[in-house]
Amino acid sequence: MGSRLYQVARNVEVLTMYQELLRKMAEEKPSYHDEEIQWFLDHLGDPSPEIRDDLVFTSFARGIQEELFTQEQFHFISEGISSDGGLDKEIDKVGLPTLERSFRTLIYANLLSEDANQQSIFYQELNAGIRNVLLNQGLYYLSKEKDTTGFSSQYGWVHAFAHGADLLTEVVCHPDFPKNRIHEVFDILGKLFKRISIRFTDDEDWRLARVIYEPILQGKLEQEQVASWIKTVDFPIEEREDFYKFSNFRSCLLEVYVQLDQRNSLQDDLKEAIQSFQY
């Protein structure tokens, strides 16, 4: 009886906080107490998409991007989000554990983006140790993730590979990520496309393309480097899964092509390498 009463009280507490935070979302410039931010952290991987995605992630992203949080709260979030193993927490488990990992990656990406943004009040505000954790975990996350679920009828958007791609983009574009480590990114992407044997259907391949074209547009990656790398990637087609792997990579390259071409930034060597890519 006692445990049931506790659960009822707990449910009422969650509902009350949920309603209050939902009300704040409608405000033009809401402010948040530390206990509310802690509630966000505690519900980062909530199985309900209304809580996890629509409320928690949206509030975090808006609070960071629109500078609704204070600098002290920015530090509090970065410490909380990277604790308890960060992206390595239960990395071998899929399902519910993936939800927390996947949505942590999005918060990592937002933190790194603002830390690199000279116009933000959060510019270079990350603690150096935490910044290194976010950069290193963000670099290697997609090498470890196994859950390829895009949309789940039970949990809503899981999207670990798309979110991981968003984070990897921010890692590569961050000023503290050295250009001489770009080869590691190529290695990670090449192994990823050879490892995943399903056809991406929820724009994961397009999100992975950002890892390539955003650094190009920001001057951190030379197109000739990408062209040279593409020429080394090979997809022998022996089984049906091999064609899925090839198709994922080709779709990624086509998105790189389109994004650069529509900005009149596509150079001939990369254009030729993408056009020539085939199995």
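The values are calculated or read from the model by the stated rules, or taken from the named source; none is laboratory data. Please read all numbers here as calculations on a predicted model, not as lab measurements. Quick reminder, even Gly has a Cβ in these numbers, built from the backbone with ideal geometry, and neighbours come from all protein chains shown.
A few notes on this one:
Results for (1) touching a residue at least 40 places away in the same chain (Cβ under 8 Å); (2) of a type in the set (A, V, I, L, M); (3) under 22 Å from residue 66 (Cβ atoms), shown as yes or no for each residue.
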{"site": "116", "(1), (2), (3)": "yes, yes, yes"}
{"site": "120", "(1), (2), (3)": "yes, no, yes"}
{"site": "135", "(1), (2), (3)": "yes, yes, no"}
{"site": "144", "(1), (2), (3)": "yes, no, no"}
{"site": "159", "(1), (2), (3)": "yes, no, no"}
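- Residue list for the range 29-46, restricted to those being charged (D, E, K, R) and farther than 12 Å from residue 73 by Cβ: 29, 42, 46
Condition check ((1) of a type in the set (D, E, K, R); (2) within 30 Å of residue 129 (Cβ to Cβ); (3) touching a residue at least 24 places away in the same chain (Cβ under 8 Å)) across all residues:
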position	(1), (2), (3)
12	no, no, no
34	yes, yes, yes
65	no, yes, yes
79	yes, yes, yes
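- The condition (being within 19 Å of residue 167 (Cα to Cα) and either in contact with a Gly (Cβ under 9 Å, 6 or more places away or on another chain) or not hydroxyl-bearing (Ser, Thr, Tyr) (or both)) is satisfied by just one residue among 245, 271, 231, 191: 191.
- Residue 84 being assigned to a loop (DSSP other than H, G, I, E, B) and at pLDDT below 95: yes
- Filtering the range 170-191 to residues that are out of contact with any Leu (no Cβ under 9 Å at 6 or more places or on another chain) and either without any contact (Cβ under 8 Å) to a residue 40 or more places away in the chain or buried (at least 16 other Cβ atoms within 10 Å of the Cβ) (or both) leaves 178, 180, 183, 186, 187, 190.
- Filter result (in a helix (DSSP H, G or I), under 15 Å from residue 252 (Cβ atoms) and not aromatic (Phe, Trp, Tyr)) within the range 224-239: 226, 227, 230
- Checking the stated criteria, residue 88 turns out to be surrounded by fewer than 16 Cβ atoms within 10 Å (Cβ to Cβ) and touching a residue at least 24 places away in the same chain (Cβ under 8 Å).
- Qualifying residue in the range 6-22 (condition: over 29 Å from residue 207 (Cβ atoms), surrounded by 14 or more Cβ atoms within 10 Å (Cβ to Cβ) and touching a Phe, Trp or Tyr at 6+ places or on another chain (Cβ under 8 Å)): yes
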